[in-house]
Amino acid sequence: MPASSSKAPLVFVTGNKNKLKEVQQILASGTGELQITNQDVDAPEIQGNTQEVAIAKCRYAADKLGTACLTEDTALCFEALGGLPGPYIKDFLKTLGHEGLNTLLVGFSTTKATALCTFAYSSGPGQEPMIFEGRTEGQIVPARGPTHFGWDPIFQPDEGHGQTYAEMDGAEKNKISHRYRALEKLSAYLAEETKGEAESR
Ligand SMILES: O=c1[nH]c(=O)c2ncn([C@@H]3O[C@H](COP(=O)(O)OP(=O)(O)OP(=O)(O)O)[C@@H](O)[C@H]3O)c2[nH]1
Ligand SMILES: [Mg+2]
């Protein structure tokens, strides 16, 4: 991951401890130059596509906190269902559980799914958020592995050597995950931004 900045830590707005942990681990395995702190802002999550949901949440958080901030939205998109549940995966998971999510695909010819991570970054209140997306392709399978993080047990990434995200070692997941890929793009952007600022001084 490229060097980004020696700036003040960026506020990562999330109430999800597992997301926070993975982001911290991914950043720690890079250059360590992008530093984050965490705040939980109860931002409304609108209906819309993944980018619209992410932008609205980040805009709200930047206004509420009065500072630059980062938000993250995770979607799980089933090919057979035209991309649903997508950004609504949290409610689907809560209501249907792992088994119910598998049952949704009974009768379809494909279990393909995309894990999609969307970071939104706003440089401050009133500043339009920018979007950084990461995707990992895989299959929806009956649950295998530890159950402490969301839908990890039912998502088997194509690059995971037959293991579900939940069965993978954390460091292995972080090498191929939707979150890693989105964070890589965000870090590259912030590094360029910092370089530009330094050059214009
Ligand atoms: O198995 C998983 N592996 C992952 O890598 C992953 N990333 C997110 N999730 C879950 O998918 C929903 C997204 O909803 P979401 O993006 O709105 O998150 P959230 O509301 O929990 O936190 P936040 O909005 O405060 O950041 C929530 O149920 C998350 O627990 C994951 N599950
Ligand atoms: Mg949320």
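Run down E128, E133, E72 and say which single residue is closer than 20 Å to V53 by Cβ, buried (at least 22 other Cβ atoms within 10 Å of the Cβ) and acidic (D, E). The match here is E72. A single entry from T118, T110, T136, T114 fulfils the requirement of being in contact with a Pro (Cβ under 8 Å, 6 or more places away or on another chain) and outside any helix (DSSP H, G or I): T136.
Results for (1) closer than 17 Å to F132 by Cβ; (2) within 13 Å of ligand 1 (Cβ to nearest atom), shown as yes or no for each residue.
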| residue | (1), (2) |
| --- | --- |
| G15 | no, yes |
| N18 | no, yes |
| Q25 | no, yes |
| Q39 | no, yes |
| T50 | yes, yes |
| A54 | yes, yes |
| R59 | yes, no |
| C69 | yes, yes |
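In the set N38, N18, only one residue is of a type outside the set (S, T, Y) and either assigned to a helix (DSSP H, G or I) or surrounded by fewer than 14 Cβ atoms within 10 Å (Cβ to Cβ) (or both); that residue is N18. From the list E45, E33, the one residue that fits, being closer than 30 Å to K7 by Cβ, in contact with an Asp or Glu (Cβ under 9 Å, 6 or more places away or on another chain) and at pLDDT below 95, is E45.
Of all residues in the stretch 139-158, those that are assigned to a strand (DSSP E or B) and under 16 Å from E22 (Cβ atoms) total 2.
Looking at the stretch 158-171, can you tell me whether even one residue there is touching a Ser or Thr at 6+ places or on another chain (Cβ under 6 Å) and either modelled with pLDDT under 95 or crowded, with 17+ Cβ neighbours inside 10 Å (or both)? No, the conditions are met nowhere in the stretch 158-171.
The values are calculated or read from the model by the stated rules, or taken from the named source; none is laboratory data. These figures come from a predicted structure and were not determined experimentally. For neighbour counting, all protein chains shown are included, and Cβ atoms are generated from backbone atoms with ideal geometry for every residue, glycine included.
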